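Following: one structure in structure tokens, then a few remarks.
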Amino acid sequence: MDKYDSLKLENQLCFPLYACSKEIVRHYRPYLDEIDLTYTQYIVMMVLWEENKINVKMLGKRLFLDSGTLTPLLKSLETKGYITRSRSKQDERNLDVCITKKGIELKDKAINVPKSMSSCIKLSPEEAEILYKTLYKILSTLNDEQ
């Protein structure tokens, strides 16, 4: 065993995770182009379709995104008319994001995106569930270290 084996790309867990993530986002692009969203805008909208209103800090925590990434993303979604941003009435330091009627209507246009994507990823339901649980376990472990 070579002392540099740990530096070989083929021995890295992070590389296939990175490459898969990049490729999955690339496969999302045509479906998201149809509804005029980027992938990160799409995941923000997914949270808002569930929550209707959320604090920016909580949104960032839920999506593992910092405010430097979220701010231009939210401005863009606001310009498109899908969300509004306003200072929290409880605490002026906090910014709330609310979905608009147009944002709610977008949900119907996005309804087939997950199904379209599932046909791109050739995993059995059992394999998908194992991968899902494993990835969230990794995220949880990494998040606990912070």
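Along the Cα→Cβ direction, 7 angstrom out, place labels at LYS80 and LEU131. What is the inter-label distance in nm?
2.5 nm
How large a share of the accessible area of the stretch 16-135, in percent, is made up of carbon and sulfur atoms when the probe is 1.4 Å and the other protein chains stay in place?
57 percent
Between VAL47 and LYS115, what length in nm is gained on full extension when 0.36 nm per residue of separation is reduced by their alpha carbon distance?
22.7 nm
If a/c stays under 1.5 just call it rounded; otherwise compare a/b with b/c (prolate if a/b is bigger, oblate if not). Do that for the stretch 45-84, with a ≥ b ≥ c from the square roots of the Cα gyration tensor eigenvalues. Intermediate results must be reported in sequence, preceding the final value.
Numbers: a/c = 2.09, a/b = 1.11, b/c = 1.89.
In terms of gyration-tensor shape, oblate.
If you filter the stretch 41-146 for GluC sites (Glu not before Pro), then keep DSSP loop positions with at most 16 other Cβ within 10 Å, what is left?
GLU92, GLU145
Roughly how many Å is it from the Cα centre of the stretch 1-69 to that of the stretch 107-129, as a whole number?
The stretch 1-69 and the stretch 107-129 have Cα centres spaced 16 Å from each other.
Can you list the residues of the stretch 50-81 with backbone N under 14 Å from a point 7 Å past the Cα of ASP108, pointing along Cα to Cβ?
Under 14 Å, as judged by backbone N against the label point of ASP108, lies no residue of the stretch 50-81.
Are there any trypsin sites (Lys or Arg not before Pro) in the stretch 1-47 that are in a DSSP loop and have at most 16 other Cβ atoms within 10 Å? List them by number. Kindly include the intermediate steps, with their values, before the conclusion.
On the way: sites: LYS3, LYS8, LYS22, ARG26; in loops: LYS3, LYS8.
Here the sparse-neighbourhood loop sites are LYS3, LYS8.
If each DSSP helix of 4+ residues adds -39,500 (n - 2.57) and the sum is divided by the residues in the chain, what number results at 222 nm, nearest 500 deg cm²/dmol?
Rounded to the nearest 500, it is -19500 deg cm²/dmol.
Over the stretch 39-146, average the accessible area per residue using a 1.4 Å probe and give it in Å², no decimals.
Result: 69 Å² of accessible area for each residue.
The values are calculated or read from the model by the stated rules, or taken from the named source; none is laboratory data. Please read all numbers here as calculations on a predicted model, not as lab measurements. Neighbour counts run over all protein chains shown; Cβ positions are idealised from the backbone, glycine included. Just the protein is used for accessible areas: all its heavy atoms, side chains included, with ligands, DNA and RNA removed. Shrake-Rupley method; radii C 1.70, N 1.55, O 1.52, S 1.80 Å.
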